[in-house]
Every structure is written in structure tokens, then in C-alpha cells.
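To start, the structure under review is shown below, and the notes come after it.
The values are calculated or read from the model by the stated rules, or taken from the named source; none is laboratory data. The structure presented is a predicted model; accordingly, all values stated were derived computationally and were not measured. Cβ coordinates were reconstructed from backbone atoms using ideal geometry, including for glycine residues, and neighbour counts include every protein chain displayed.
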Amino acid sequence: MVSRRQLIFTATAGLFANVSARRALAAPPAASDPVAIVTAIYTRAAKGKGDGGGAFVIENKAAKAKYLSKSLVELWAKADAHTPKGDVGPVDFDPVTNSQEPDVKSFKVVATSLEAEKAVIAVTIAGRNTPTRKPADQTVRYDFVRDAGDWKIDDIKGSSDGEPWSIRDMLTGSLKN
């Protein structure tokens, strides 16, 4: 026969197990998940009036090391070293918002490809004050790779007036001049 004490203990243990299971299922994605990384970037870019942009991703060596793959950081350093003193580098806009003047009201993040060692994440951006752009210009794509076990951005791609661009291509192209 089950005592009242055993019954209460069993019910309480079951309740806590159920709550823990729900929390595990409802937990946000790990910070190392490409979707979570991109979502965090755009959440920060959309704060306030949404005009802060995403320059924080590429603003200095520490930021680049945090977000970008080692090979992209190295390529960027070579491109910066190749840029004449006083000139603007090959990336003269905010690639996160695909703009000169950031304006992020809302965004939608979609994993278009998610494999063990690489991923492609697409973000569609809507602005508050931005004039209507071509649909392709509203989407920025991130190529992610595993870099020392962590997910890192290996390229950022988009289009301007319907013409495609790639950060990696811009940096590589600047070395040819």
C-alpha cells in the first residue's frame, strides 16, 4: 500500500520533471546555432529606432574574431593592409543592413541550408523609413562554417539595385587593384 508521503513525493517529482522537460523544449537555441547568432545580430540592429545598424559585427578585430571565420578575418586584414592610408576600405557600407543608413523595423530569419559543417541563413529586412527596395535587396544571406568547433560567418551576401554582392568577393577584388 502506498503511503500518503510516497504519493506526495512521487507527484511532486513528476511535476518537477514535467516542468524541466517543458523548459528544455522551450529553451532558446544555443548561442552557437547560426540561426540564433543571426537573430541576435538583427535583434540588436533593430533596437530603438533601428538605425544602429550592424557595424558592431565588423567594427574592430575583436568583433571580427567573435563573428567571422578565421579565413574571412585574415582576408579582411589583407584587404585593409592593401588599402592606401586615408582611403575607405573595400566594404564601405553596413552589410548587415545592406545600407549606408541602417533602418531595421523588423526581420525574418530562415535557415535555407543547415548541415554539420556549413549553413546558409537568409534574413529579410523591413525598414521604418526605407523606400521600397527591390525584393532581392531586402534579403541578406550568411554563409556559416564550423571554425574550431564554433559557428562563424564565412561570407555575407546580398544585392544592391538587384546587383549581387559578396563581402568575400569585395575583399578579394580589392587585393587585385
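Worth pointing out:
- Under the condition of being farther than 15 Å from N60 by Cα and exposed (fewer than 14 other Cβ atoms within 10 Å of the Cβ), the residues counted in segment 84-104 number 6.
- Whichever residue in segment 126-154 is modelled with pLDDT of 95 or more and of a type in the set (A, V, I, L, M, F, W, C) and, among such residues, is farthest from K105 (Cα to Cα): V145
- Among residues of segment 58-71, those that are surrounded by 20 or more Cβ atoms within 10 Å (Cβ to Cβ) and modelled with pLDDT under 95, counted: 1
- Candidates R128, R168, R141, filtered to the one that is surrounded by 15 or more Cβ atoms within 10 Å (Cβ to Cβ), of a type outside the set (F, W, Y) and either outside any strand (DSSP E or B) or more than 12 Å from the chain's Cα centre (by Cα) (or both): R168
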